[in-house]
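One structure is given here, and the rest of the page talks about it.
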Amino acid sequence: MDRPFGLLAELTYRCPLACAYCSNPLELAAYDDELGTAEWQRVFTEAAAMGVLQCHLSGGEPLLRRDLVELVRTAADLGMYTNLVTSAIGLSRGRAEELKEAGLDHVQVSVQADEPATSDRIAGIPSFERKLRAAAVVKELGWPLTVNVVVHRQNIDRLAEIIALVEELDADRVELANTQYYGWAWRNRAALLPSRAQLAAAEDVVRAARERLAGRMEVLHVLADYYSAYPKPCMGGWAARQLTVAPNGDALPCPAAQTLPLPRASVREESLQRIWDDAPVFTAFRGTGWMSDPCRTCDRREIDFGGCRCQAFQLTGDAARTDPVCHLSPDHALVADAVEAANAGGRRHEEVLVPRPHRA
Ligand code: SF4
Ligand code: FES
């Protein structure tokens, strides 16, 4: 069995923003009983002992945790590379200096668009200017800065301008990630899935930016899997390299796995090592033994691992089926029909369902 490489610590699902593509669970009240400081510190200690090298502190908005500096210090002292995944709302200069002193290695800031009106509409609250100020603080304090942009039907036509903004922020890396359809993004799929023409234009923009920015800024483009012939190798394989701990202590092989009908495993009840080794939620789809046709006999089964289990469940109601994104899947029409609808017009932004900000 592989050892986990990365831990996604979802410290809280509370968040000041309310993005229409949020992939967090829809029923957030179930996660209000958050792990305390000592519990997270134990999780980090166990993760480091298992060989985890990267600790991603995420949410929701991790800056809403009052003990964030303490948690960063623990993870850094354990020798893990620490990455703060944030909207940047709440990243004052004072807080940033404390995090720096505690040993935080890297900051990833989300940006929704290149100008305030669209950005604030997508984020659900006025936040654009605060994000830019916080990104500047990240650079001033000498951190490597990654800007993450979730790309969708409502902002994809502005990709050139978004990249120009990221360049102005002097980011070291930009992740242009087409929306993954979980949580609210799933509910809003018709308003978020771009058309084929939009995607083709975006690919030209990204290609030109890569050439222009070579050696200065890394441009990562996560393609829209609905338009791919083959699915993404989600998480590098189920329970192979990554693990997630949700705010309430549920341990999961990926952030969306709480939707699957598998028994829960909690770090409040068992050690992380034991969960990784034996919990059904981790063992259910590990390796290739669980596969049925067409994946079972397919040459690509060790390349894409049959795609995404959560997407298979979301679309077919059976997490053990081939990801319907795959053109070989007997359920591929479920994806093809959504693509066809997107190319016939999709849904307008006025019709987007917006989650309420979760501030419990
Ligand atoms: Fe991947 Fe399964 Fe499709 Fe083969 S049939 S390409 S293993 S999803
Ligand atoms: Fe859960 Fe892909 S998001 S396996």
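The values are calculated or read from the model by the stated rules, or taken from the named source; none is laboratory data. These numbers come from a predicted model, not from an experiment. Positions of Cβ are backbone-derived with ideal geometry, glycine not excepted, and every protein chain shown enters the neighbour counts.
General remarks:
- The set of residues from region 268-301 being part of a loop (DSSP other than H, G, I, E, B), touching a residue at least 60 places away in the same chain (Cβ under 8 Å) and more than 16 Å from ligand 1 (Cβ to nearest atom) comprises ARG268, SER271.
- Among the conditions (1) part of a loop (DSSP other than H, G, I, E, B); (2) within 13 Å of ligand 2 (Cβ to nearest atom); (3) free of Cβ contacts under 8 Å to residues at least 60 places away in the same chain; (4) buried (at least 21 other Cβ atoms within 10 Å of the Cβ), PHE305 misses just one, which is (3).
- Residue match in region 202-221 (condition: under 19 Å from HIS327 (Cα atoms), crowded, with 20+ Cβ neighbours inside 10 Å, more than 16 Å from ligand 1 (Cβ to nearest atom) and touching a residue at least 24 places away in the same chain (Cβ under 8 Å)): no
- Test: ALA229 is part of a loop (DSSP other than H, G, I, E, B), within 16 Å of ligand 1 (Cβ to nearest atom) and out of contact with any Asp or Glu (no Cβ under 9 Å at 6 or more places or on another chain): yes
- Single match in ALA360, ALA342 (criterion: modelled with pLDDT under 95, in a loop (DSSP other than H, G, I, E, B) and of a type in the set (A, V, I, L, M, F, W, C)): ALA360
- Considered as a group, the residues in region 239-267 that are in a loop (DSSP other than H, G, I, E, B), within 9 Å of ligand 2 (Cβ to nearest atom) and touching a Ser or Thr at 6+ places or on another chain (Cβ under 9 Å) include one that is farthest from ASN24 (Cα to Cα), and that residue is PRO253.
- The set of residues from region 108-134 being surrounded by fewer than 20 Cβ atoms within 10 Å (Cβ to Cβ), within 14 Å of GLU168 (Cα to Cα) and in contact with a Leu (Cβ under 8 Å, 6 or more places away or on another chain) comprises just one member, LEU132.
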